Each structure stands twice: as structure tokens, then as C-alpha cells.
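Participant: One structure, as C-alpha cells, below. Some questions next.
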Amino acid sequence: MRVLLVEDDAGDALLVEELLADSGLVTELRWVTTLGEATKAVGDFPAQCVLLDLHLPDAQGLPALDQVLSSAPEAAVVVLTGWAEQEAGLAAVAAGAQDYLIKGQVEPDLFGRAIRYAVHRKQAERTAAALQAERIRSQENARLERGLLPVPLLSKAPMAVASRARPGRASSLLGGDFFDVVEADDGTVHAVIGDVCGHGPNEAALGVCLRIAWRTLVLSGLSRQRLMEQLDRILRAERSSPEIFATVCTIELPPDRHTVRVLRAGHPGVLVHTPATVELYEPDPGLALGLPFEDERWPQSELALPQDAALVLFTDGLFEGRLSAGGRQRLGERGLVALARECAHLSGERFVDALLAKVDAATAEGGGLTDDVAVMHLKWSEE
Amino acid sequence: MDLKLDHRTEGQLTIVEVEGEIDVYTAPRLRELLIDLVNKGNFHLLVNMEKVEFLDSTGLGVLVGGLKRVRAHDGSLELVCTQERILKIFRITGLTKVFGIYASVDEAREAHDKDK
């Protein structure tokens, strides 16, 4: 165990040295006489325990303790006080020291035990603090995740929905990918996938906001053009910085099952998945939401839905992964389609998992997917 | 990966040379440069994207943010880009309608001079 003794009195220092030698602890001791030396010493001597006298030439009392605590945050601090200053010892413990010992009143056994316990207490305290921070962060993530990744709002429509979402490696926090599925009163199933540019809690929260807004606008029966205008307006009002924009792709599946209507606002296309193959469908895109451009119309297109076809919505994180370490080649949309075709015989959940596994494998060497990824697979069920 | 940035002034136009990858890691540096140029009174920016190898949505956001900044001073932010994969990103997001995009610095300069 490394112990740093901060004590300006040579006699007291000698005493401590002897106590340590007799305590049974295996220690490596370094002795310094000022606080300035102590703060320098912890740089190359990461002490587990600092024994601190509170009467130093360059610092006294609690301010001395504060400085030690901040320059050696991982060390347990045991304060050495005189017989007449037990109050100061107690105050030091209240201010963050692990313990105090009264000079000249301690036997070697007790001295060794006090140091050992102090180090244990400090470790437990640090672990608990780290756990607490982690717990708060994961609660925060779970809240955002619940908001971003909803339960489909389907009442009667026999639609099988398989979705996956993962935060990117670039940040442990979720980014702004969002998706949703809602059945309108006429039985048409509406689905959306979107991507708020950037990463972090603000973008994730904005993603939640846009998802709920979209859901509300669909349920209130707005036309698609009108819906996008309102969504654009909400984004502009809610974003935390004027450079934030969002891309969105929506589809409508009318209950006759023969067609699908697709609308893109700056978003990649959709995959049309049949048991035989996978094709990328990229109708004319309209403008992403929140750009400095007024009066936009979003082209809407309709596609005849092939027999047994499913639709796969995704965000660009799925195909932006690098193929080799330090290389320039990215998977790209063409690479994604090729991998998807290898999974074409699978359905629903299994298709999505297999596709993600293939994308992971293809980009593993290049560092995996850095951006967040969302995928949603929709297919009419057999009746 | 790497992003190299350089800039020079030609008459009223400030040409920003960008080389490498503009992504979530490097985009903040481009943002800083654009903000700095605008703060120093350069309101007509031409960003040369010919040597850009990758551009993600964070990078697009930085260009959009730059455009908003120069517009606040009646300025302009235009791009030079002929690479199909980068152009595709501008097309998908609809940004071809927002940015003037030129095939070369000379072409952009001529168009700019004519505008005045």
C-alpha cells in the first residue's frame, strides 16, 4: 500500500514511520513537509492513503484537507491531530476525511487497522458514487428509450411489426432516431421513421417530441402534406439550436393490402422485402424538416405492393459503417441491399436480427456502427 | 479519421477548402471555422467539397448552420461539389434546393461576380 505522509514536524514524521513499521501493514511510505509538495507528489506517487497533519507551513485546517481531497480524489485521507484538537478531527471527517488519529495516542495495531479501514471505506464510497451515477444515466436512457421506441398503436390491423434500435458507439447516449406505427380510423396503417441530426440528450428528447407529434397528427386525420408542414413547424419550435434538422420517411398501408404510399423528407428510401429478394425503393425525396427554406411540398408516391411483401424502414446509421479499419469504403446503400438479400428468406424478427448481425460483421473491422441505428420491418399477417 | 481545413480570400469571396471526412467527430471543427469566419466579417463563403470523402447528418447540420449565420448578414454560403455520392446526400435531404452547388471554384466565382 502506498502511503503519503504530509507532516512538517520531523519528530512526528519519525513517529508515524515507526508506527507503520510496527503495524504489520506492508507499505511504501513517502514523506513530504508541505501541501505544495504533497499535491506534486501524488502525480507520480498515486497514494491509496494520505496521512495529513492540519498544521502545515503553507496550509492550515480544512482548506488543507480540501486541497488534498481534490488533488488525490482516489486516496483515503486520515487526518493527524493533536490531543487538544479532537474537534478539528471530527470536522475533518465531516468534510470528507475517512478518519482522524490523535498523535501520540495510537498503538501500532490500531494505527494499521485505521489505515486499512479508511482505504476500504474510501473504495466503497467511490464504488457507490460510480454506481449511483451509472444508475441515473441508465434511468435517463431508459426514459428516453421508452419515449423513442414505442408500442405500436394498432387496434385491429393484422400487421406484424419487428423493430430494433441501438445507440451508436459515438456516444453512450441515444441519438435522435425515432419510429412509430399507428392505425388510423379507416384501418390504414401509418408508419414513420426519423432521424434528428446530431447526438445527445437534446436530440433524443426532440426525437421523442417528433414521434408523439406525428402520432397525434396522424390520429387527428391530417393530410400528409399538411401533416409534414405541422411536423416541420413543431421541429422549428422545439429544437435547441437552429442548425438541427430532421429527416423523416413515412409510409401508409391501406387495408386493401395492394399498395403502399411512401413520403420522404430528406430520408433514405425503404426496402421492399419479398421471400425471394430485397429491393431499395427510393421515390423522389422532399426537403428534410427544419431547413432554412420555406414553402416546401413533399412528393408522395405510390407503389404496388408485391405478393407477400414486407417493408423495411431504416436510418442512415445502418449503412454508414466503415468496411475496414482506417479505410474509406463504407457499406453504403448498395452494400446494405446486398446483405439484406442474403436474409430475404427470413421473416420479421429473424430477418431484422440477421440483417443487423450481417451489418455488424461487415463493419466490425472498421469499428462497427458509430451512429445510432433504427430498423422497422412491417408486414401484413396471414388472415 | 481526418479532416483538413484551409481557407483563403479571393475578392469578396472566402473559399474554404475541406478535405477528408465530416462526421460526428470532426464536424465541430468545421463549425468553429465557419463561425470564426463570419465573426471576422466574411459573409460570402464558398465551401469546396471536392476532397470530402464522407459527410454525415452532423456535417450537413454544420453547413446549414453556417448558411443561417451568413444569411443573417445578407451573405451567402455556396458549395463546390461534383462527387456523386456527396451530391446524393444533398439530393436526398433536399439541400440541393438550399445551397448553390457548383462544379468548380471558377464557375462559382463567375456566378458570384455576375450576381453582384
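The values are calculated or read from the model by the stated rules, or taken from the named source; none is laboratory data. Not measured: the values here are computed from a predicted model. No Cβ is skipped: glycine too gets one built from the backbone with ideal geometry, and neighbour counts run over all protein chains shown. Ligands, DNA and RNA are stripped out before the accessible areas are found, and what is left, the full protein with its side chains, is counted by its heavy atoms. Shrake-Rupley method; radii C 1.70, N 1.55, O 1.52, S 1.80 Å.
Participant: Mind listing just one residue for me: the one in the stretch B:60-77 that is facing chain A (nearest Cβ under 9 Å) and either open to solvent by less than 10 Å² (accessible area, probe 1.4 Å) or in a strand (DSSP E or B) (or both) and, of those, nearest to B:Pro28 (Cα to Cα)?
Facilitator: B:Val62
Participant: Being touching a Lys or Arg at 6+ places or on another chain (Cβ under 7 Å), crowded, with 24+ Cβ neighbours inside 10 Å and in contact (Cβ under 8 Å) with a residue 40 or more places away in the chain narrows it down to one of A:Gly290, A:Gly207, A:Gly198, A:Gly194, so name that one.
Facilitator: Details: A:Gly207 fails: touching a Lys or Arg at 6+ places or on another chain (Cβ under 7 Å); A:Gly198 fails: touching a Lys or Arg at 6+ places or on another chain (Cβ under 7 Å); A:Gly194 fails: touching a Lys or Arg at 6+ places or on another chain (Cβ under 7 Å).
Of A:Gly290, A:Gly207, A:Gly198, A:Gly194, the one residue that is touching a Lys or Arg at 6+ places or on another chain (Cβ under 7 Å), crowded, with 24+ Cβ neighbours inside 10 Å and in contact (Cβ under 8 Å) with a residue 40 or more places away in the chain is A:Gly290.
Participant: Can you give me the ranges of the helices (runs of 4 or more DSSP H) entirely in the stretch A:1-111 with at least 2 residues that are crowded, with 16+ Cβ neighbours inside 10 Å and touching a residue at least 60 places away in the same chain (Cβ under 8 Å)? First the steps, then the outcome.
Facilitator: Values: elements: A:10-23, A:35-44, A:61-71, A:86-94.
Once the helices (runs of 4 or more DSSP H) in the stretch A:1-111 are filtered for at least 2 residues that are crowded, with 16+ Cβ neighbours inside 10 Å and touching a residue at least 60 places away in the same chain (Cβ under 8 Å), what remains is A:10-23.
Participant: Right, here's the next one. With respect to A:Leu346, determine if the residue is touching a helix residue (DSSP H, G or I) at 6+ places or on another chain (Cβ under 8 Å), touching a residue at least 60 places away in the same chain (Cβ under 8 Å), of a type in the set (A, V, I, L, M) and open to solvent by less than 50 Å² (accessible area, probe 1.4 Å).
Facilitator: no
Participant: Quick check: anything in the stretch A:237-247 part of a strand (DSSP E or B) and within 14 Å of chain B (Cβ to nearest Cβ)? I'd like the intermediate steps shown before the answer.
Facilitator: Within the stretch A:237-247, the first condition is being part of a strand (DSSP E or B), and the residues that meet it are A:246-247.
Filter once more, so that each one left must be within 14 Å of chain B (Cβ to nearest Cβ): A:246-247.
Among the residues of the stretch A:237-247, at least one is part of a strand (DSSP E or B) and within 14 Å of chain B (Cβ to nearest Cβ), which makes the answer yes.
Participant: Only residues that are farther than 22 Å from B:Lys4 by Cβ and not in a loop (DSSP other than H, G, I, E, B): list them for the stretch B:85-105, please.
Facilitator: B:Lys88, B:Arg91, B:Ile92, B:Thr93, B:Leu95, B:Thr96, B:Lys97, B:Gly100
Participant: Would it be correct to say that B:Val80 is buried (at least 21 other Cβ atoms within 10 Å of the Cβ) and more than 13 Å from chain A (Cβ to nearest Cβ)?
Facilitator: Numbers: buried (at least 21 other Cβ atoms within 10 Å of the Cβ): yes; more than 13 Å from chain A (Cβ to nearest Cβ): yes.
Answer is yes for this residue.
Participant: Of the residues that make up the stretch A:327-338, is at least one out of contact with any helix residue (DSSP H, G or I) (no Cβ under 8 Å at 6 or more places or on another chain), surrounded by 14 or more Cβ atoms within 10 Å (Cβ to Cβ) and away from every other protein chain (no Cβ under 13 Å)?
Facilitator: Yes, the stretch A:327-338 contains a residue that is out of contact with any helix residue (DSSP H, G or I) (no Cβ under 8 Å at 6 or more places or on another chain), surrounded by 14 or more Cβ atoms within 10 Å (Cβ to Cβ) and away from every other protein chain (no Cβ under 13 Å).
Participant: Sort out which residues of the stretch B:64-88 are β-branched (Val, Ile, Thr) and either more than 14 Å from the chain's Cα centre (by Cα) or more than 23 Å from A:Gly332 (Cα to Cα) (or both), and write them in order of number.
Facilitator: First, the residues of the stretch B:64-88 that are β-branched (Val, Ile, Thr): B:64, B:70, B:80, B:82, B:86.
Matches in the stretch B:64-88: B:Val64, B:Val70.
Participant: Right, another one. Consider A:Glu302 against the criteria (1) touching a Lys or Arg at 6+ places or on another chain (Cβ under 6 Å); (2) more than 26 Å from A:Leu210 (Cβ to Cβ); (3) more than 11 Å from every other protein chain (Cβ to nearest Cβ); (4) open to solvent by 10 Å² or more (accessible area, probe 1.4 Å): it satisfies all of them except one. Which criterion is unmet?
Facilitator: The number of the failed condition is (2).
Participant: On to the next question. Name the single residue, out of those in the stretch B:1-36 being farther than 30 Å from A:Gly327 by Cβ and open to solvent by less than 10 Å² (accessible area, probe 1.4 Å), that is modelled with the lowest pLDDT.
Facilitator: B:Leu13
Participant: Test A:Gly317 against the stated conditions and say whether it is within 14 Å of chain B (Cβ to nearest Cβ) and under 23 Å from A:Gly207 (Cβ atoms). Break it down into steps so the answer makes sense when it comes.
Facilitator: Values: within 14 Å of chain B (Cβ to nearest Cβ): yes; under 23 Å from A:Gly207 (Cβ atoms): yes.
Spelling it out, A:Gly317 is indeed within 14 Å of chain B (Cβ to nearest Cβ) and under 23 Å from A:Gly207 (Cβ atoms).
Participant: Anything in the stretch A:267-279 that is more than 12 Å from chain B (Cβ to nearest Cβ) and within 31 Å of the chain's Cα centre (by Cα)? List them, or say none.
Facilitator: We begin by selecting, within the stretch A:267-279, every residue more than 12 Å from chain B (Cβ to nearest Cβ); these are A:270-279.
A:Val270, A:Leu271 - these are the residues of the stretch A:267-279 that are more than 12 Å from chain B (Cβ to nearest Cβ) and within 31 Å of the chain's Cα centre (by Cα).
Participant: Checking the conditions here, which among A:Asp284, A:Asp308, A:Asp360, A:Asp353 is among the charged types (D, E, K, R), part of a loop (DSSP other than H, G, I, E, B), open to solvent by 20 Å² or more (accessible area, probe 1.4 Å) and away from chain B (no Cβ under 11 Å)?
Facilitator: Values: A:Asp284 fails: away from chain B (no Cβ under 11 Å); A:Asp360 fails: part of a loop (DSSP other than H, G, I, E, B); A:Asp353 fails: part of a loop (DSSP other than H, G, I, E, B).
Answer to the check: A:Asp308.
Participant: Going through A:Val119, A:Val161, A:Val196, A:Val192 one at a time, which residue ends up being more than 17 Å from A:Gly317 (Cβ to Cβ), assigned to a strand (DSSP E or B) and at pLDDT 75 or above? Break it down into steps so the answer makes sense when it comes.
Facilitator: Numbers: A:Val119 fails: assigned to a strand (DSSP E or B); A:Val196 fails: more than 17 Å from A:Gly317 (Cβ to Cβ); A:Val192 fails: more than 17 Å from A:Gly317 (Cβ to Cβ).
Criteria check complete, one pass: A:Val161.
Participant: A:Glu252 is checked against (1) open to solvent by less than 30 Å² (accessible area, probe 1.4 Å); (2) in a loop (DSSP other than H, G, I, E, B); (3) charged (D, E, K, R) and fails just one. What number does that condition carry?
Facilitator: Looking at each condition in turn, A:Glu252 falls short on (2).
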